[in-house]
Amino acid sequence: MFSYLGKDEKRRKNQDIYENVTEGLKNIYKQKLLPLEKEYNFHDFHSPALDDPDFDAKPLVMLVGQYSTGKTTFIRYLLEQDFPGIRIGPEPTTDRFIAVMHADSDGVIPGNALVVDPKKQFRPLSKFGNAFLNRFQCSGTNSQVLKGISIVDTPGILSGEKQRTDRGYDFIGVLEWFAERVDRILLLFDAHKLDISDEFRRSIESLRGHDDKIRIVLNKADMVDHQQLMRVYGALMWSLGKVLGTPEVARVYIGSFWDQPLRYDINRRLFEAEEQDLFADLQSLPRNAALRKLNDLIKRARLAKVHAYIMSALKKEMPSMFGKENKKKELIKNLDTIYATLQREHQISPGDFPDIKKMQELLVNHDFSKFRALDLKLLERVDKMLAEDIAKLMAMVPHEEAISKNEGSDKNGTAKIQTIEGGAFDNVMNSKTPFMYKGGEGINAGVGEIEWIVAKDRYKYDAIFDTLNPIDGKVSGSAAKGEMIKSKLPNNVLGKIWKLSDVDKDGMLDADEFALAMHLMNIKLDGNDLPGELPVHLIPPSKRGF
């Protein structure tokens, strides 16, 4: 009887784990991955243990760039308001890491107080010492945008003689810590100065392994004309190709992200399209937050497994009595041989191994004889987590997204943010005004006008309609097809135009419907997209009842 009760208790506990994706991630990390990390000193070599705020936190966006590339101005542009501690200027103004987060009232929390706050995810940053914490703060402000995301502003990366001045803390180490935890990294470049300084190169190299999070923003692009912009873009791609060391370069967004008049407005259409794409990318962050956390946990688990193999292999090679120090030096020097052996024995991909130089530097300060031998049970537990628990949580993600869309909150009543609202997002993504993206052109031409927009060219369309020998004021599908294929549009596009134009669904087109079909064909020929459904302002006045 008691054993049955124990099984029932265990079953109930397992159900609790998977109440939602975030809770599931917390539980499987603490129960299955954390023991492996502790056993093999993972936190000394890679990243600190994860706490609850790491799983609960809003999506985080980090801005990285040389000084005066417009990082702080970009944040102000998104929020459409100032935040505490904001300083903007052509000189290196931002001298600290600033986490811009939502708060009911404006205020600044200094770094030392911030890292002891159990509700924030910054506690592990205390390892970088007072020199860093004096240069770290959280700026809280009441912005609608910050209900969906938090933003990290970084100090402008220096060039020339200035970059040789020691900051007093491990700047690259801090960047790496943030890169591991943020959802998006925006690398900002100034269209006027594309030189990549040594410190900026090291900063970009420290972001390797997080290529999926990196987006490039070529800011201040209105300061050059279209011919110069083409050359600047080419030079940027060449420079980035060399620094990132990959044949493919991350997506580059071109624009001018501030609220001042454009100096050269010849590229206005390009800037609007690029801004739409960048904002759509940022809008996806709250929706994909659970998937990103899942992805990062899988990456962490794979690294922890490889780390366990490395530690146990080093332990196995150590002598039991004499010559430990010499053997340690030999093992560190020949670490690449150990990597190759493990790769063959356990079928591990070369990309899963940690950077060999960094590993050699860290190993110098450790006593190899204190490393643990390989514990197969811990590894099996992690393998089972990857095979079963992660799969269960993956299956829950679409269901959880659907619930939060419909109900707007989770089981605890916490609001689930699916999109980012407020600030520049309202005006760029959702604005129903003549100044919205592609407002007053293409399918949006004629919105809000009293006269039917198609009527402006009606005389041309009616002349063509009369040549098709209409019967009882209508032309058949075959007659209309003969005229429509003259546009050289593909059949699937013409089929879509036919469905949109045949408003009363009688298989024929009257004069109004034919004029509408010609108008839609011209919209497509001008390079604009067709809608899935016919907008209200394009419905012929005679068909408004259908």
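The values are calculated or read from the model by the stated rules, or taken from the named source; none is laboratory data. As the structure is a computational prediction, the values presented were derived from the model and not from experiment. In this analysis, Cβ positions are derived from the backbone assuming ideal geometry, glycine residues included, and neighbour counts consider all displayed protein chains. Accessible surface is based on the protein model in full, side chains and every heavy atom, while ligands, DNA and RNA are left aside. Shrake-Rupley method; radii C 1.70, N 1.55, O 1.52, S 1.80 Å.
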Please provide three numbers in whole Å: the alpha-carbon extents of segment 207-289 along the principal axes, with the largest listed first.
37, 33, 16
Between ASP259 and LYS38, Cβ-based FRET efficiency (R0 56 Å, step 0.05) works out to 0.65
Restricting things to Cα coordinates, could you compute the convex hull volume per residue of segment 318-399 in Å³?
140 Å³
Potential lengthening between GLU451 and MET237 on full extension [0.36 nm per residue; Cα-Cα distance subtracted]:
72.2 nm
For the chain, take the convex hull of the Cα atoms, compute a quarter of its surface area, and give me that in nm², please.
36.1 nm²
Using modelled backbone amide H atoms (1.01 Å from N, in-plane), which distant-in-sequence or interchain residues come within less than 5 Å of CYS138's amide H?
ALA99, ILE109
Per the charge dipole of the chain (beta-carbon charges, Lys/Arg positive, Asp/Glu negative, Cα centre), the residue among GLY24, ASN469, PHE136 reaching farthest to the positive end is GLY24
Would you please give the residues with an amide H less than 5 Å from that of ILE214, counting only those at least 5 places away or on a separate chain, with H modeled from the backbone geometry?
ILE185
Taking θ = phi - 60°, what integer Hz values does the Karplus form 6.51 cos²θ - 1.76 cosθ + 1.60 yield along segment 123-140, in sequence order, with x for Gly and Pro?
4, x, 5, 4, 5, 7, x, 5, 4, 6, 4, 5, 10, 9, 8, 10, 9, x
Hits among lysines - C-alpha to C-alpha of LYS543 under 30 Å, sequence gap 8 or more where chains match:
LYS432, LYS438, LYS456, LYS460, LYS474, LYS481, LYS486, LYS488, LYS496, LYS499, LYS505, LYS524
Viscosity 0.692 mPa s, temperature 37 °C, Stokes-Einstein D of segment 156-264 from Kirkwood C-alpha radius, µm²/s:
218 µm²/s
Solvent-accessible area per residue for the chain (1.4 angstrom probe, square angstrom):
51 Å²
HN-Hα J couplings of segment 55-65 from phi, Karplus 6.51/-1.76/1.60, θ = phi - 60°, integer Hz, Gly and Pro as x?
8, 8, 5, 5, x, 10, 10, 10, 9, 10, x
Long-range HN-HN contacts of GLY65 with modeled amide H, under 5 Å
ILE157, LEU188
Taking the convex hull of the alpha-carbon atoms of segment 242-282 and averaging its shadow over every direction gives an area in square nanometres of 4.3 nm²
Hey, which of these cross-link pairs are over 23 Å Cα-Cα: LYS299/LYS357; LYS127/LYS316; LYS26/LYS71?
LYS127/LYS316; LYS26/LYS71
Work out from phi, with θ = phi - 60° and the Karplus expression 6.51 cos²θ - 1.76 cosθ + 1.60, the ³J(HN,Hα) of each residue of segment 110-119, listed in order in whole Hz, and give x for Gly and Pro.
x, x, 4, 6, 5, 7, 9, 7, x, 7
Cα-based Rg and Dmax for segment 262-322, where Dmax is the largest Cα-Cα distance (Å)
24.4, 76
Projected onto the charge dipole of segment 315-362 (+1 at Lys/Arg Cβ, -1 at Asp/Glu Cβ, origin at the Cα centre), which of SER320, ILE332, LEU362 gives the Cα projection farthest towards the positive end?
SER320
Within the set of other residues whose C-beta is less than 12 Å from the C-beta of GLU380, count the net charge using Lys and Arg as +1 and Asp and Glu as -1.
+2
Using the Cα centre of the chain as the reference point, and only Cβ charges (+1 on K/R, -1 on D/E), how large is the resulting charge dipole? Debye, rounded to the nearest 20.
2000 debye
The chain: antiparallel bridges as % of DSSP beta bridges, rounded to 5, reads 30 percent
With a length cut of 18 Å (Cα positions projected on each helix's long axis) and a Kyte-Doolittle mean of at least 0.5, go through the chain and give me the DSSP H helices that pass.
511-525
With all protein chains present, how much of the accessible area of the chain (probe radius 1.4 Å) comes from carbon and sulfur, to the nearest whole percent?
51 percent
Peptide ranges 330-340, 367-377 listed from the most packed, as the mean C-beta count within 10 angstrom indicates:
330-340, 367-377
